[in-house]
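What follows is a single structure, written as structure tokens, with notes after it.
The values are calculated or read from the model by the stated rules, or taken from the named source; none is laboratory data. Computed from a prediction, not measured in an experiment: that's the story for all the values here. Backbone-built Cβ (ideal geometry, glycine too); neighbour counts: all protein chains shown.
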Amino acid sequence: MIDWLIATIPIIKSVHIAGLIIWCGGLLAMPMMLGRHRPADTADDYRQIRHATHMTYTICVTPAAVITVIAGTWLIFLREAFVPWLFAKLAFVALLVVAHAWIGHILAQIAEEPEHHQPPKAIYPVIAALVPMLVILTLVLAKPALDGITFPDWLLEPRGAQLPFDVPSR
Ligand code: HEM
């Protein structure tokens, strides 16, 4: 691979790690912020807390998630990490994205029914985010061989079939 591309790996990895710290920290902090949504507070306090939670989600946690995913996708190609632990990690990243979307959904419900909506207990979204985080960190830091995971032959061999359109030779 081209030398200058390889030289960018530490930078992209730093961006990936900075992004995931903000993303994961935000996903753990958001449920606690949601816990402060008490309709019994004065209307002004309640509006301020809702506004702060909404801004944290939209201008901090979600962009950090997008940056983490983009930098991680670059790293797959730069590090040529086409290995089973990476695919296992991606399955748990998908679960983390579901937890992210769930927290966003709770926020949207609070915005739509500010007087009536009771957010779920903080512990449920915390667990939904923390479990995939810990599994992802274990996979990426231990990089287990996961040799037991095999793919069917038909996924690994060319099928010899013709594509339904012409592919340019160069
Ligand atoms: C779509 C999302 C993601 C992709 C495509 C991705 C991909 C990658 C790749 C290819 C590497 C380089 C591995 C190597 O150098 O051997 C990496 C490093 C790393 N990733 Fe991710 N990642 C994603 C999300 C996450 C998340 C959500 C976390 C944490 C919760 C995470 C934690 C890490 C850590 C700690 C490293 C550094 C590992 C090391 O240098 O040994 N990643 N990631």
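Any chance segment 85-99 includes a residue that's more than 16 Å from the ligand (Cβ to nearest atom) and either surrounded by fewer than 16 Cβ atoms within 10 Å (Cβ to Cβ) or of a type in the set (G, A, S) (or both)?
Filtering segment 85-99 for residues more than 16 Å from the ligand (Cβ to nearest atom) gives none.
Scanning segment 85-99, I find no residue that is more than 16 Å from the ligand (Cβ to nearest atom) and either surrounded by fewer than 16 Cβ atoms within 10 Å (Cβ to Cβ) or of a type in the set (G, A, S) (or both), so the answer is no.
What number of residues within segment 114-169 satisfy the criterion of being within 16 Å of the ligand (Cβ to nearest atom), surrounded by 10 or more Cβ atoms within 10 Å (Cβ to Cβ) and assigned to a helix (DSSP H, G or I)?
16
Could you list, ordered by first residue, the pairs with Cβ atoms under 6 Å in which the first is in segment 123-139 and more than 20 Å from R36 (Cβ to Cβ) and the second is aliphatic (A, V, I, L, M) and in a helix (DSSP H, G or I), at least 6 apart or interchain?
P132/L95; P132/L96; L139/A88
Evaluate segment 84-103: report whether one residue or more is within 30 Å of I2 (Cβ to Cβ), in contact with a helix residue (DSSP H, G or I) (Cβ under 8 Å, 6 or more places away or on another chain) and among the small types (G, A, S). Please lay out each step first, then the result.
Of the residues in segment 84-103, the ones within 30 Å of I2 (Cβ to Cβ) are 84-90, 93.
Narrowing the set further to residues that are in contact with a helix residue (DSSP H, G or I) (Cβ under 8 Å, 6 or more places away or on another chain) leaves 85-86, 88-89, 93.
Narrowing further to those that are among the small types (G, A, S): 88.
Scanning segment 84-103 turns up at least one residue that is within 30 Å of I2 (Cβ to Cβ), in contact with a helix residue (DSSP H, G or I) (Cβ under 8 Å, 6 or more places away or on another chain) and among the small types (G, A, S).
Taking the criterion of being part of a helix (DSSP H, G or I), more than 19 Å from L137 (Cα to Cα) and either within 19 Å of the chain's Cα centre (by Cα) or at pLDDT 90 or above (or both), would at least one residue in segment 38-50 satisfy it? Spell out how you get there, then give the answer.
In the first step, residues of segment 38-50 are kept if they are part of a helix (DSSP H, G or I); the result is 43-50.
Now drop any that are not more than 19 Å from L137 (Cα to Cα), which leaves 43-50.
Then keep just the ones that are either within 19 Å of the chain's Cα centre (by Cα) or at pLDDT 90 or above (or both); that gives none.
No.
Which of (1) farther than 26 Å from L139 by Cα; (2) within 11 Å of the ligand (Cβ to nearest atom); (3) of a type in the set (A, V, I, L, M, F, W, C) is the odd one out, the single condition C24 does not satisfy?
The one condition C24 does not meet is (1).
May I ask you to list pairs of residues, at least six apart or on different chains, whose Cβ atoms are under 7 Å apart, with the first in segment 89-107 being modelled with pLDDT of 95 or more and the second being part of a helix (DSSP H, G or I) and exposed (fewer than 13 other Cβ atoms within 10 Å of the Cβ)?
Pairs found: none.
Are any residues in segment 38-80 buried (at least 16 other Cβ atoms within 10 Å of the Cβ) and more than 16 Å from the ligand (Cβ to nearest atom), and if so, which ones?
Answer for segment 38-80, where residues must be buried (at least 16 other Cβ atoms within 10 Å of the Cβ) and more than 16 Å from the ligand (Cβ to nearest atom): Y46, I49, R50, T53, H54, T56, Y57.
Among the numbered criteria (1) part of a helix (DSSP H, G or I); (2) out of contact with any helix residue (DSSP H, G or I) (no Cβ under 8 Å at 6 or more places or on another chain); (3) more than 12 Å from the ligand (Cβ to nearest atom), which single criterion is violated by M33?
All conditions are met except number (2).
If you check I70, I123, which single one turns out to be on the phi < 0 side of the Ramachandran plot and touching a Gly at 6+ places or on another chain (Cβ under 9 Å)?
Working: I123 fails: touching a Gly at 6+ places or on another chain (Cβ under 9 Å).
Matching residue, one of I70, I123: I70.
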